[in-house]
Each structure stands twice: as structure tokens, then as C-alpha cells.
Amino acid sequence: MVTAKAWVLKKHFEGFPKTSDFDLKMMELPNLKDGELLLESVFLSVDPYMRPYSQRDMKEGDIMIGTQVARIVESKNPAFTVGAFVVARSGWRTHFISDGKDLQHFPSNWPESLPRSLALGTVGMPGLTAYFGLLEVCKVKPGETVLVNAAAGAVGSVVGQLAKIGGCKVVGCAGSDDKVAYLKKIGFDEAFNYKTVTSLDEALRKASPDGYDCFFDNVGGEFASIAINQMKKYGRIAVCGAISQYNVSVPQKGPYMQVPMIFQELQMKGFIVTRWNNRWEEGLKALLKWVVEGKVKCHEHVTEGFENMPTAFIGMLKGENIGKAIVKV
Ligand code: NDP
């Protein structure tokens, strides 16, 4: 008999999440039936989507949603061998039982030296968000200028590097000087700390006096309202995230975007990465290749200990992470 630990949503978040909104539960797992396997989480992901999705999809008392890299501990399913690693969407728990249907194998060419946690970041869902958002929504072309915010995070840091590979000029904005230094290190052409500039409008203009062809927006809100005025004619805006809005209790009002959209004939498109589920393999293959070749650099912000999941989640929402925020069990 295995006892699993799991974090449940004790109370729906009001405004910014608090550690008291979570509860740690112990759960006895039953013995395996034929076709089932027992897994233990090795790395768990904390992601911004958990904040709005918990509101939309969860009840109080539910186990927190989320993805992990897990190791197979016991198997009564011939398709899965003990000791192998998989990516699972089983929420914030240390151990769980699966019938194997929703588990994702690691690519067979995953190098031994590459941390498996990258399957939750650059070579996982956030990397794919950057890949499909840039290719299919922004439709970037060589020579164009791309703006990305939350640029030092899991998605943003990949957006900038892929745009560079695609022959673009890249401008990134992030919330600390350390993050700005990181962006310059990984090849961003221009980067600035949006929290310390006296005028965001001026800083954006200085970074690219001719304006922006593409804007990969992870933040929304006031940032997007200002940036939209610096789009070039026929510019494209990929609305990937709106993290500035996730913890806001009172909905904010405009400025509104219609006038710059009309005058500059812009395209603005929201997307969710699962739209390209059928091309997941293609994206992962490309990302893994770039990582192995050293063309895409990865950074992780690792919090040790399953008991620190809520703190890690809250820290990521506050902007403590450079690169992907991960919890190591
Ligand atoms: P990150 O690793 O970028 O972590 C979140 C970052 O957001 C923080 O580090 C912080 O960086 C920034 N941030 C937090 N609060 C604010 C705020 N009020 N204003 C501006 N920036 C803020 O997370 P991800 O890379 O995983 O996600 C980035 C965005 O992409 C999120 O909005 C997320 O919801 C979205 N997303 C969308 C997907 C889709 O399919 N559409 C899939 C995956 C992610 P800083 O210090 O720079 O402020």
C-alpha cells in the first residue's frame, strides 16, 4: 500500500493566491489492477494557467491541476516498463495510478545528460506555446522585429530565442535587472526592466524606433494597451497570456484598442497551445534539436520539496523565476 501526498484547493483564490488556500492531504492508493501502473512524481510544474483554470474548472477540495515528470514504480501494463519516465497530467500529487492512456513517453533520442524537467518547460508545453505562437499566429518572417513580454519566463525566453533563429530582431521586457541581463545573455537584441523605466512608451520606442511587426503578448492589460500603439502597419499580435489580469479581483477598464487596430490594420489573435495537439511531436522534435545543438538555452528556477508547491506557485506569479518554474520532489 502506497500513501500519496496531494495538494488540494482548499478555498478558491481571491485576488493573489495565499498558502492558506491550499491543503496537504494524505491518500492511500489501492493495489494495481491489470493494465494499470503506479507512478511517482519527480518534477512538477507550476504554471500561470493554474490560476484562471482553477477558477473555471475546479471545485474547492479538488486536487490542484498540473503536469509532472513521473517515474514508473510498478507496472501491470505491458506498454510501460518499471523505471521509465513519462510526462503526466495528474495534478499536484507525489504518487498516482494510471491506465497509461494519457501518459506521454519521452522521445527515444532524449539525451541522458539533459534534465528530464525540461519536458515541462522548453521541450514541453511552454516551448510548444512559443513555437506554434510564433510560427502559426505571428507568422514571423526574417528581418521583422518581435516584441515579447514576461520575456525571461518559460514561454517568453523561448519566444525570443526562436525569433532570433528565424532571423528577427527581438525586444524583451522583464521585471528585474537580473532578468534583463539574462535576456541579453541568451541573445535578445534589446531588453529592459518594465518596472523601472520611467515611461514604457518611450522605452519601447527607444528599443525599436520603427515599431514592431509582431507582439507576442504574455501579459495583457496596461502593457498591451501601450504596446499596441507601436505596432507597424499590418502587424500581428499573438495573445498568449494575460498574467497581469489573473489576480485582479475588480475587472479593469480600457484604454481600448480599436483605433490603433484599424489605423495600422493589425491582426490580433488569441490561442491555446492545445490547438496544435496533432503537431505536438513535430514541435518537440524541433525544440529538442535546438536545445541539444545549444541554439536554444534553458534556465530553470527549481524549488526543492513537494511541501513547497504552493510557495513555488505563488513565487512564479510574483515573478521570482528566471526560465521555467519547477518543483523537484
Ligand atoms: P513565466 O515563466 O513567464 O512566469 C510568469 C511571469 O509573469 C513572472 O515571472 C513575471 O515575470 C510575469 N508577471 C507576473 N505578474 C505580472 C504582471 N502583473 N505584469 C506583468 N508580468 C507579470 O510563465 P509562463 O512562461 O509559463 O507563461 C507566460 C504567459 O503565457 C502567461 O500569461 C501564461 O498564462 C501564458 N501561457 C499561455 C499558453 C497558451 O496556450 N495560450 C500556454 C502557456 C502559457 P516579470 O518579472 O517579467 O514580471
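Just a yes or no: is a residue in the stretch 231-240 closer than 29 Å to residue 145 by Cβ, without any contact (Cβ under 8 Å) to a residue 60 or more places away in the chain and among the small types (Gly, Ala, Ser)?
The answer is yes, given that some residue of the stretch 231-240 is closer than 29 Å to residue 145 by Cβ, without any contact (Cβ under 8 Å) to a residue 60 or more places away in the chain and among the small types (Gly, Ala, Ser).
Could you pull out the residue among 157, 90, 117 that is in contact with a Phe, Trp or Tyr (Cβ under 6 Å, 6 or more places away or on another chain) and part of a helix (DSSP H, G or I)?
117
Looking at 172, 153, which is the one that is in contact with a helix residue (DSSP H, G or I) (Cβ under 7 Å, 6 or more places away or on another chain), closer than 21 Å to residue 300 by Cβ and either of a type in the set (A, V, I, L, M) or crowded, with 20+ Cβ neighbours inside 10 Å (or both)?
After ruling out the rest, the residue left standing is 172.
Which one is surrounded by the most Cβ atoms within 10 Å (Cβ to Cβ), of the residues in the stretch 22-55 that are under 15 Å from residue 316 (Cβ atoms) and among the charged types (D, E, K, R)?
Result: 47.
I want to confirm something. Restricting to the stretch 121-139 and keeping residues that are in contact with a strand residue (DSSP E or B) (Cβ under 9 Å, 6 or more places away or on another chain) and assigned to a loop (DSSP other than H, G, I, E, B), which single residue is farthest from residue 325 (Cα to Cα)?
The qualifying residue farthest from residue 325 (Cα to Cα) is 139.
Quick one: which residue in 69, 2 is under 22 Å from the mean Cα position of the chain (by Cα) and over 22 Å from residue 242 (Cα atoms)?
One residue alone meets the criteria, 69.
If a residue has to be within 16 Å of the ligand (Cβ to nearest atom), out of contact with any Gly (no Cβ under 9 Å at 6 or more places or on another chain) and within 18 Å of residue 169 (Cα to Cα) to count, how many in the stretch 208-233 make the cut?
1
Can you find, within the stretch 126-139, the residue that is farthest from residue 225 (Cα to Cα) among those that are surrounded by fewer than 24 Cβ atoms within 10 Å (Cβ to Cβ) and near the ligand (Cβ under 10 Å from one of its atoms)?
By that ranking, first place goes to 132.
Scan the stretch 282-306 residue by residue and report those that are over 16 Å from the mean Cα position of the chain (by Cα), assigned to a loop (DSSP other than H, G, I, E, B) and of a type in the set (D, E, K, R).
293, 295, listed by residue number.
Residue 174: in contact with a Gly (Cβ under 6 Å, 6 or more places away or on another chain) and near the ligand (Cβ under 8 Å from one of its atoms), yes or no?
When the stated conditions are applied, residue 174 does not pass them.
Any idea which residue in the stretch 145-170 is farthest from residue 69 (Cα to Cα), counting only those that are more than 14 Å from the ligand (Cβ to nearest atom) and small (Gly, Ala, Ser)?
My answer is 167.
Mind listing whichever residues of the stretch 248-275 are surrounded by fewer than 17 Cβ atoms within 10 Å (Cβ to Cβ), within 14 Å of the ligand (Cβ to nearest atom) and more than 15 Å from the chain's Cα centre (by Cα)?
248, 249, 252, 269, 270, 275
Give 217, 178, 210, 201 a once-over and let me know the one that is touching a residue at least 12 places away in the same chain (Cβ under 8 Å), surrounded by fewer than 19 Cβ atoms within 10 Å (Cβ to Cβ) and in contact with a helix residue (DSSP H, G or I) (Cβ under 8 Å, 6 or more places away or on another chain).
201
Those residues that are among the basic types (Lys, Arg) and touching a residue at least 60 places away in the same chain (Cβ under 8 Å), I need them from the stretch 276-311; list them, please. Write out each step before concluding.
Pass one, the stretch 276-311, residues among the basic types (Lys, Arg): 279, 285, 289, 295, 297.
Residues satisfying the conditions are 279, 285, 295, 297.
Failed condition for residue 142, given (1) assigned to a loop (DSSP other than H, G, I, E, B); (2) touching a Gly at 6+ places or on another chain (Cβ under 6 Å); (3) within 16 Å of the ligand (Cβ to nearest atom), with all others met?
In the conditions (1) assigned to a loop (DSSP other than H, G, I, E, B); (2) touching a Gly at 6+ places or on another chain (Cβ under 6 Å); (3) within 16 Å of the ligand (Cβ to nearest atom), residue 142 misses (3) alone.
Read-outs: derived from the displayed coordinates by stated rules, not from any lab. Model, not experiment: these values are computed from the prediction. Note that we place each Cβ from the backbone using ideal geometry, even for glycine, and neighbour counts take in every protein chain shown.
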